[in-house]
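The values are calculated or read from the model by the stated rules, or taken from the named source; none is laboratory data. Here the structure is a predicted model, which means the values were calculated and not measured. Heads up, the Cβs are rebuilt from the backbone with ideal geometry, glycines too, and the neighbour counts pull from every protein chain shown.
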Amino acid sequence: MTEALSACRNGLGGLLALAVLAACQGEAGENPAAEPAPAVAIAVEALQIAQNGTGTGVKASGLVAYKREAALGFGAPGQIETLSVDAGDRVAAGQVLATLRKTSVGADQAEAALARQTAQQNFDRVSRLFEAGASSQAELDNALLALERTRERISIVATAGGTVLARQAEPGQTVSAGQPVVTIGENRAGLIVRASLTPAEVAQIKVGDTAGVLIEKRDPVSGTVLRIAPRGSMSGTFEVEVGLSGVDGLRAGEVAEVSLAANAAEPGAAPGYFVIPAISLIDARADQGVVFVIDADGKARRRAVETGGVADEGISILKGLSAGDRVITRGASMVRDGDAVRVAGE
């Protein structure tokens, strides 16, 4: 009886153990090991490259100047007797600006007077022969030159109306032939702004482009690109002249800010340049660098670029980007190629 009861108890314990084991196996089958959680997208900020052509426009500062500035002097050495204008004066074409007593005529007044009389008589004679067809133009010009050389006093005459920009001598001063005495800014040539642009900026404009010009304490005016220097300066920049129109009372030397719209690329042509924030560029070396662009799957992709100049707006990118690309700005240094990213605010 006792043996039977023990065997029964052992059987029940075995059945209970088997039941617990089966239950555990069932739970394990119903809840397999969980897969790793997907990586969290890195929050970044991004800039989309404009679709309007090849850049964000060109801005530069320059100085107002006259298109044509003439430094005037005497054709012979001597002592200045009169100088009737000063910097800032307005002059008319044909106006006498200064007179000089020549020192090369000779100290003997009688001899100088005789030389002038002889030269005048010779000029009158050659003039009559020229009118009769018996003398050449060259002979007439030589006679006139000889007469001019005998004159005791000569003058500087304004060749065009304008403004005196500088007075470089004083009455009583002895000057040499050709030495500048006054500098005139000619009205007929108009006013311009001379500005310096980088090669990347110059590539985006052409002669004839319209420009917006801002001058402190003046209303905005429009201008036109008149000239682009064919070669760069020692600093690597190119001088650009922007002609001004409809400006009254403007003075040479005033500071102006010029804004030019970047020209759109021809169909099928590669873009010229783009400007991106400096924070976007990593691994910068000389004119090379790297940026991260967000692809269609929302992942950061490493992109090699060629850089140009640096301006207040950012860094010029000459090659490596296309219109429509989304370039990571803030957070570019935190991502790696292939990382999932999330643009803040989207």
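Brief remarks follow.
- Filter pass, Leu144 being in contact (Cβ under 8 Å) with a residue 12 or more places away in the chain and not assigned by TED's automatic domain parsing to the domain that holds Arg231: yes
Listed here are the residues, each with its yes/no results for (1) charged (D, E, K, R); (2) surrounded by fewer than 14 Cβ atoms within 10 Å (Cβ to Cβ); (3) touching a residue at least 12 places away in the same chain (Cβ under 8 Å).
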position: Ala132; (1), (2), (3): no, yes, no
position: Ser135; (1), (2), (3): no, no, no
position: Arg149; (1), (2), (3): yes, no, yes
position: Gly172; (1), (2), (3): no, yes, yes
position: Val181; (1), (2), (3): no, no, yes
position: Ala189; (1), (2), (3): no, no, yes
position: Ala195; (1), (2), (3): no, no, yes
position: Glu201; (1), (2), (3): yes, no, yes
position: Gly208; (1), (2), (3): no, yes, yes
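- Filtered residue count, the range 39-54, keeping only those that are surrounded by 12 or more Cβ atoms within 10 Å (Cβ to Cβ) and modelled with pLDDT of 80 or more: 8
- All positions within the range 248-276 that are buried (at least 18 other Cβ atoms within 10 Å of the Cβ) and either within 17 Å of Gly190 (Cα to Cα) or modelled with pLDDT of 85 or more (or both): Ala256, Val258
- Looking only at the range 210-232, and only at residues there that are surrounded by 11 or more Cβ atoms within 10 Å (Cβ to Cβ) and part of a loop (DSSP other than H, G, I, E, B), the one that is modelled with the lowest pLDDT: Arg218
- When residues of the range 55-86 are limited to those that are in a loop (DSSP other than H, G, I, E, B) and within 28 Å of Ser245 (Cα to Cα), the one modelled with the lowest pLDDT: Gly55
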